[in-house]
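The values are calculated or read from the model by the stated rules, or taken from the named source; none is laboratory data. Just so you know, these numbers come straight off a predicted model, no measurement behind them. Positions of Cβ are generated from backbone atoms using ideal geometry, with glycine treated the same way; all protein chains shown enter the neighbour counts. Ligands, DNA and RNA are stripped out before the accessible areas are found, and what is left, the full protein with its side chains, is counted by its heavy atoms. Shrake-Rupley method; radii C 1.70, N 1.55, O 1.52, S 1.80 Å.
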Amino acid sequence: MTNLLKRRLRDGLLWAIVCCLSTAISVGWAEDFDLDLMSLEDLMEVEVFSASKKEEPLFVAPAAVYVLTSEQIQSSGATTIPDVLRGVPGVEVARIDASKWAVSVRGFNDVFADKLLVMIDGRTVYSPLFNGVIWSDNEIALQDIERIEVVRGPGGALWGANSVNGVIYIITRRAMDTKGVVITQSLGTETRARVSTTYGLKIGDWNSALRLHYASYDHAVRNGKSAADNWTTGRIGLRADRTLANGDELSVDLSTYRNESFENYRIPVLEAPFLSERNTVSHTSGSYAVIGWARTASKRSTWKVKVYYDNSFRDSGELAKSELHTWDIDLLHQWQIGEGHQFVWGAGYRQHWDEHAVRDFVYFDLPSRWYSVFNVFAQDEFALLPDRLKLTAGAKVEHSSFSDISLAPSVRLAWTPNASNTFWAAASKANRAPARGDHDLRALGTVSVFDTGARSDTVVTVLRGSSKFENEVARSVELGYRTQLGTRWRLDMAAYRTEYDGLHTNELVTPEFDQQLGRVVFPVSFANNMDATSKGFEITLDTELTSEWQLQTAYVYTDVDVRVKGSYDMGTSWEHNSPTHQAVLRSSNRYLWDLLCDLKLRYVGHIGDFRNGQYSVQADSYWGLDVRFSKSVSKSLEISLEARDLLYDRHAEFRVPITPIIESDVQRSIGLAVRWTPDSL
């Protein structure tokens, strides 16, 4: 194992040295070309919204914020949003199979990661069934994304429940910023076909953008063979923006999608051998409509309202069949009270209705149910010293059908002594509200034979939600520092410590008769009998070695300590479910003949499991090397060659605890992409 690790490290460093040397050689020849990536000075002036629900420069934001611009997304060579997020400091991304990912921030990673809030244009995309994100259902064309803001750390005071460890805020391009036609097509060993078309047009007084997206992904591998988990997705959408005569801004976003994925499960059955592997086809579809309105009442006052309706349907055959409908309305008011004094407040209401078919493996106590969430928040920001020291304090009050009223306060302080340095500190509290599954889920757990010699009995455990399940609570303290060292260096550091109370556990309770199964079972009920401490830090150093060569480096340390108070739970698995160490090096440079090279070398530490008093490695540490070469053939045509995970034929990135999902391995892949922006059709 040691020799293998040394060999991988040697290979990774060799690739990096070769690319960097070739880059250095080409620097002197590249001065005539304009780099497509933003300069560090420009990037520091990028305004972010997710840190305080108002536009403010990234450099002075009192939170650990990282921004991926459209240029960075395009040059990454990624084909999915989770792949784009690889390398963002503090974000953990692990591929489970061809269509599933585990994505989290600052620990507690899982396919059902429930401490990370993800939004697309203000629309919450986590599933209220388990408060996690089904990434394959939110597959959108990367060329339509304007930027991605990643806030590491609690955001409960602004965004409410589930923004416990972080917020990912995805902003798509406005219709008025979409000119003409953009067509991107990719082919490769992993991406069998991927076509994205965006067409900007004028419909009366409306600026509109028609968006078409189709992707077909090949299967991953398991035990050196095909995992038969390939998937396809298709989406069509229309974005329209309009500015009225009185200055009001309207936006409408309509979209519909359909996915088909092959999935592998290992589920318990009541007959010997009591465990069965299934390969099933899952069909999902859905649509949504988002309407936004903004009014600038005066130079000091701005109102915003966003309303959306979202529906989704899932059919996994004998495993599950469900539908979900969501209605949401949000109000936001930004008020400039005086010089250096800003007040932001708002309120929101979200209503869900779902229906689930009864299956042998999983079902709900109430097959159909209405449930809702209501919240109101306020945040006050005022300058203690003009342009130097500002204090931000706020809180959100929230109530849901599954929890009592909860409070999420936050206090943040930012000190900018000069134009090159910002120090910030924050103390905040956030809550993970119970999901529908935490209250009503019933799922077949394990089936085994208990043999006493005199008789043999089948023992069945059933996972059971509980109406007594309460909010999980996180209290966090953060410190951060940003500095611009001249025009070519930027340093960003953040450290944190978070205390968690009442985390999810599974507790064995009194046996009972299960009407669905027609037998006596041992229920394993959901409870809040686990506490934890998470601490760590993130360091990012970016530099422009020349006007044509940018380097980005980052290191992340994460340490989770779990304390289980229950009698049955395997909660100590969470302690090892995230890598302790992560690092990334990214190089972007313009070569000879206007050839742009993007190289990303990343290290991800191992993850493990701790059960029955023993620790075992579930996924080894690995080095990932991705390389992308792109060439602008003309003003309208760009061709790129992309290679990913070059150092391994295949490797495991994640092993899912206490779920029936059978994981696949990630394999080396290569692809060719063409981006065409014709002057006209």
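Structural remarks
- Conditions (1) of a type in the set (D, E, K, R); (2) modelled with pLDDT of 90 or more; (3) closer than 17 Å to VAL604 by Cα: number failed by ASP542: (3)
- Cβ pairs under 7 Å, 6+ apart, first in segment 57-69 and closer than 20 Å to ASN418 by Cβ and without any contact (Cβ under 8 Å) to a residue 40 or more places away in the chain, second among the acidic types (Asp, Glu) and surrounded by fewer than 20 Cβ atoms within 10 Å (Cβ to Cβ): PRO57/GLU45; PRO57/GLU47
- The requirement of being surrounded by fewer than 16 Cβ atoms within 10 Å (Cβ to Cβ) and of a type outside the set (Phe, Trp, Tyr) is satisfied by GLU318.
- Selection of segment 628-657 for residues being outside any strand (DSSP E or B), buried (at least 16 other Cβ atoms within 10 Å of the Cβ) and not charged (D, E, K, R) yields LEU646, LEU647, TYR648, ALA652, PHE654, VAL656, PRO657.
- Some residue of segment 433-454 being over 26 Å from ILE267 (Cα atoms) and among the charged types (D, E, K, R): no
- In segment 192-212, of all residues being farther than 20 Å from LEU637 by Cβ and within 25 Å of the chain's Cα centre (by Cα), the one that is least open to solvent (accessible area, probe 1.4 Å) corresponds to ARG211.
- A single entry from VAL473, VAL459 fulfils the requirement of being outside any loop (DSSP other than H, G, I, E, B), of a type in the set (Val, Ile, Thr) and under 27 Å from the mean Cα position of the chain (by Cα): VAL473.
- Checked against the criteria, SER255 counts as open to solvent by less than 60 Å² (accessible area, probe 1.4 Å), within 28 Å of the chain's Cα centre (by Cα), of a type in the set (Gly, Ala, Ser) and within 27 Å of SER316 (Cβ to Cβ).
- For ALA102: the one exception among (1) within 25 Å of HIS439 (Cα to Cα); (2) free of Cβ contacts under 8 Å to residues at least 24 places away in the same chain; (3) not hydroxyl-bearing (Ser, Thr, Tyr): (2)
- Candidates ALA228, ALA215, ALA294, filtered to the one that is of a type in the set (A, V, I, L, M) and either under 30 Å from THR461 (Cα atoms) or not in a strand (DSSP E or B) (or both): ALA228
- Single match in THR172, THR189 (criterion: under 27 Å from LEU238 (Cβ atoms), among the hydroxyl-bearing types (Ser, Thr, Tyr), open to solvent by 10 Å² or more (accessible area, probe 1.4 Å) and in contact with a strand residue (DSSP E or B) (Cβ under 8 Å, 6 or more places away or on another chain)): THR172
- Test set (1) in contact (Cβ under 8 Å) with a residue 12 or more places away in the chain; (2) part of a strand (DSSP E or B) - PHE513 fails condition number: (1)
- Looking across SER567, SER588, one residue alone is modelled with pLDDT under 90 and in contact with a Cys (Cβ under 8 Å, 6 or more places away or on another chain). It is SER588.
- Going through (1) touching a strand residue (DSSP E or B) at 6+ places or on another chain (Cβ under 6 Å); (2) over 18 Å from SER163 (Cα atoms) one by one, GLY346 falls short only on (2).
- Pick from segment 218-249, criterion surrounded by 18 or more Cβ atoms within 10 Å (Cβ to Cβ) and of a type in the set (S, T, N, Q), ranking: farthest from ALA141 (Cα to Cα): ASN230
- Residue-level analysis places ALA51 among those that are touching a residue at least 40 places away in the same chain (Cβ under 8 Å) and under 28 Å from ALA294 (Cβ atoms).
- Unique residue being farther than 24 Å from SER534 by Cα and either over 22 Å from the mean Cα position of the chain (by Cα) or open to solvent by less than 50 Å² (accessible area, probe 1.4 Å) (or both) when the list is LEU485, LEU479: LEU485
Yes or no, residue by residue, for (1) under 23 Å from the mean Cα position of the chain (by Cα); (2) in contact (Cβ under 8 Å) with a residue 60 or more places away in the chain:
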{"residue": "MET176", "(1), (2)": "no, yes"}
{"residue": "LYS179", "(1), (2)": "no, no"}
{"residue": "GLY188", "(1), (2)": "no, yes"}
{"residue": "ALA215", "(1), (2)": "yes, yes"}
{"residue": "ARG235", "(1), (2)": "yes, yes"}
